[in-house]
Protein chains: 2
Amino acid sequence: MIGHLVVVGVGLIGGSFALDLRKQGLVRRVTGVGRGRANLEKARQLGIIDAIADSAAEAVADADLVLLAIPVGAMPAVFRAIAPALPPACIVTDAGSTKQDVVAAARATLGDKLGRFIPGHPIAGAETSGAEAARAGLYQHKPVILTPLAENAPATVDTIADLWKACGAQVSLMQPDRHDHVFAAVSHLPHMVAFALMEELAGRPDADLYFQHAGSGFRDFTRIAGSHPEMWRDISMANKEALVAELDAFIAKLSGMRNLLASGDSAALEALFARAREARLHRVKGRPH
Amino acid sequence: MIGHLVVVGVGLIGGSFALDLRKQGLVRRVTGVGRGRANLEKARQLGIIDAIADSAAEAVADADLVLLAIPVGAMPAVFRAIAPALPPACIVTDAGSTKQDVVAAARATLGDKLGRFIPGHPIAGAETSGAEAARAGLYQHKPVILTPLAENAPATVDTIADLWKACGAQVSLMQPDRHDHVFAAVSHLPHMVAFALMEELAGRPDADLYFQHAGSGFRDFTRIAGSHPEMWRDISMANKEALVAELDAFIAKLSGMRNLLASGDSAALEALFARAREARLHRVKGRPH
């Protein structure tokens, strides 16, 4: 049982975590902190949080658990603000989509409290945001990756893992650099590509003619282009090196396909499509839609 | 009422058209033609067709309506085969995803029956295929584009439009070249991109590690990479010129984003993401998921 949970950033991710723990009876009191007062008021009305704090430092002074669910670029300043105020037994975790930069920020700011910080990444993003998007059950069957530090006591890691499991999540452990390389490929690159396609078409004088004829394939393909610009600015900058490498590999792959097409090599294209289809149908888990 | 409908290619598209017309009582008898005997037997078991013909020429000899629902690369041979056998009053239409190449094939083969050919494109593709994927109701609220020829009598165009409307589809008219340019951007390019990403990752030695961590965003983004390789080989080849131009524009856009990222221009990236998001949320019709 967590006596006092502080959620910094009460949006889809932070709000849903609070709602699940409340529903399971695992938390007594929740305080919300964030940049948008209206969003926090909404979160209180919706029963996600009990109280609003004016600053993170003030909120954490008697906290048992702190979740940072904010864009990764905003983490260093929050770590700096809360470090002096954190009670010794308080555990801190985060929900950032990149891990090496968050770990580096924690190392630079948390001092002798570093061992109490368990880096995490719930894979349950959506193109919706804000407290109104939060819901109990969001994490059911969703993966949550923890990237523990050498300084973490195993029992502290278990505490965080157990809370995510109580939300219905499937918890696994990874090294931060491995995490960032994998997610550059399976998440950050697809977001860049979806943003690129939407922005390319939106800038054309006859854009609405294109959008009118967009079918369900286009809508699914571009769904993630509805994601939050600031969040994705921070993720792409935080994971710049791995993401540039993925973009280079992907641009080379696309250029190769373009040349197969231009030269009329239909057999090579069909073989490439067949390899892609085989992998999509048989190697990617989860519902096909 | 159509006395005798011949469907060449009894898969998702052709089979669903037949099922809808049967359900509406708009067709008396349906004959299926195709390359795969087992698929045609399945279609007969499922009540999609009444009879199987060994050749398209034989099947169309007493047909009132012929639907060609086959990869566009297979259309010229079928047009050539059926042209001499088509009864004078028989209407022919197709469901090809490209229109200029299909129109050119019809012009080269149908002779004085060209006026009875109404080119069409139902936008209801999926990554499933075969007779088992067919279902009544597939076309409900789906767009169907007809690209009539100067040689078509308006009444013949209306007959085909009315049949699609009876299936619940929303019918609109376009020029074939306009059609092919628009679909190069909103359909053919996204398919190339999804195939490229899946093939790129599938070829890595640690591919399964990537696929294990794929979330719902990745699954939606790559859904269309499960599409039929031969169909997409034909579409990309048939619309080569427009698709190469779209690939060039898209590669240039992605390269520009890659350079913004590498140079750390986070403000320009965020502005690009914001333009993409705005267009995705407010200019693309249909359900967000």
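The values are calculated or read from the model by the stated rules, or taken from the named source; none is laboratory data. Since the structure is predicted, the reported quantities are computational estimates derived from the model, not experimental observations. With ideal geometry, Cβ positions are generated from the backbone for all residues, glycine too; neighbour counts draw on all protein chains shown.
Numbers below:
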read-out	value
Complete set of residues in segment A:227-261 that are modelled with pLDDT under 95 and under 26 Å from B:Ser227 (Cα atoms)	A:Ser227
From the options A:Ala69, A:Ala43, A:Ala89, residue that is assigned by TED's automatic domain parsing to the domain that holds A:Asp112, out of contact with any strand residue (DSSP E or B) (no Cβ under 9 Å at 6 or more places or on another chain) and either of a type in the set (A, V, I, L, M) or surrounded by 19 or more Cβ atoms within 10 Å (Cβ to Cβ) (or both)	A:Ala89
Check on A:Ala155, loosely packed, with under 15 Cβ neighbours inside 10 Å, out of contact with any helix residue (DSSP H, G or I) (no Cβ under 7 Å at 6 or more places or on another chain), in the same structural domain as A:Gln24 (by TED's automatic domain parsing) and not in a helix (DSSP H, G or I)	no
Qualifying residue in segment B:100-117 (condition: out of contact with any Leu (no Cβ under 8 Å at 6 or more places or on another chain) and within 14 Å of chain A (Cβ to nearest Cβ))	yes
Residues that are surrounded by fewer than 20 Cβ atoms within 10 Å (Cβ to Cβ) and part of a helix (DSSP H, G or I), drawn from segment A:271-289	A:Ala271, A:Ala274, A:Arg275, A:Glu278, A:Leu281, A:His282
Residue selected from segment B:98-127 under the condition farther than 18 Å from B:Cys167 by Cβ and part of a loop (DSSP other than H, G, I, E, B), by the criterion modelled with the lowest pLDDT	B:Glu127
Among the candidates A:Lys142, A:Lys113, A:Lys165, residue that is more than 24 Å from A:Ile235 (Cβ to Cβ), in contact with a Cys (Cβ under 9 Å, 6 or more places away or on another chain) and either in contact (Cβ under 8 Å) with a residue 60 or more places away in the chain or of a type in the set (Lys, Arg) (or both)	A:Lys113
Candidate set from segment B:207-255 (those that are polar (S, T, N, Q) and touching a residue at least 24 places away in the same chain (Cβ under 8 Å)); member that is nearest to A:Pro143 (Cα to Cα)	B:Thr222
Some residue of segment A:147-156 being among the β-branched types (Val, Ile, Thr) and over 23 Å from A:Lys285 (Cα atoms)	yes
Residue count, segment B:237-248 (criterion: under 16 Å from the mean Cα position of the chain (by Cα), at the interface with chain A (Cβ under 7 Å from one of its Cβ atoms) and buried (at least 21 other Cβ atoms within 10 Å of the Cβ))	1
Options A:Leu40, A:Leu86, A:Leu46; residue that is touching a residue at least 60 places away in the same chain (Cβ under 8 Å) and either out of contact with any helix residue (DSSP H, G or I) (no Cβ under 9 Å at 6 or more places or on another chain) or more than 27 Å from A:Arg233 (Cα to Cα) (or both)	A:Leu46
So B:Ala59, is it more than 30 Å from B:Glu241 (Cα to Cα) and crowded, with 22+ Cβ neighbours inside 10 Å	yes
Residue satisfying all of: in segment B:166-182; of a type outside the set (Gly, Ala, Ser) and part of a helix (DSSP H, G or I); nearest to the other protein chains (Cβ to nearest Cβ) among these	B:Val182
Selection from segment A:252-261 of residues that are surrounded by 17 or more Cβ atoms within 10 Å (Cβ to Cβ) and either outside any helix (DSSP H, G or I) or within 7 Å of another protein chain (Cβ to nearest Cβ) (or both)	A:Lys253, A:Leu254, A:Met257, A:Arg258, A:Leu261
Some residue of segment A:194-206 being among the charged types (D, E, K, R) and in contact with a Pro (Cβ under 7 Å, 6 or more places away or on another chain)	no
Residue count for segment A:1-54, restricted to those that are under 19 Å from A:Lys142 (Cα atoms) and not in a loop (DSSP other than H, G, I, E, B)	12
First in segment B:186-201 and facing another protein chain (nearest Cβ under 7 Å), second anywhere and not in a helix (DSSP H, G or I), Cβ under 6 Å, 6 or more apart	B:Val186/A:His213; B:Val186/A:Ala214
Count - residues of segment B:145-162 that are free of Cβ contacts under 8 Å to residues at least 24 places away in the same chain and charged (D, E, K, R)	2
Segment A:120-138, subset surrounded by 18 or more Cβ atoms within 10 Å (Cβ to Cβ) and more than 12 Å from the chain's Cα centre (by Cα), residue farthest from A:Ala105 (Cα to Cα)	A:Ala136
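Yes/no matrix, rows are residues, columns are (1) over 17 Å from A:Thr222 (Cβ atoms); (2) more than 7 Å from chain A (Cβ to nearest Cβ); (3) of a type in the set (D, E, K, R):
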{"site": "B:Arg204", "(1), (2), (3)": "yes, yes, yes"}
{"site": "B:Leu209", "(1), (2), (3)": "yes, no, no"}
{"site": "B:Glu230", "(1), (2), (3)": "yes, no, yes"}
{"site": "B:Ile235", "(1), (2), (3)": "yes, yes, no"}
{"site": "B:Phe250", "(1), (2), (3)": "no, no, no"}
{"site": "B:Ser263", "(1), (2), (3)": "yes, yes, no"}
{"site": "B:Glu270", "(1), (2), (3)": "yes, no, yes"}
{"site": "B:Phe273", "(1), (2), (3)": "no, no, no"}
{"site": "B:Ala279", "(1), (2), (3)": "no, no, no"}
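Listed here are the residues, each with its yes/no results for (1) surrounded by 21 or more Cβ atoms within 10 Å (Cβ to Cβ); (2) under 17 Å from the mean Cα position of the chain (by Cα); (3) assigned by TED's automatic domain parsing to the domain that holds B:Val244; (4) in a loop (DSSP other than H, G, I, E, B).
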residue	(1), (2), (3), (4)
B:Ala184	yes, yes, yes, no
B:Leu189	yes, yes, yes, no
B:Met198	yes, no, yes, no
B:Leu209	no, no, yes, no
B:Ile224	yes, yes, yes, no
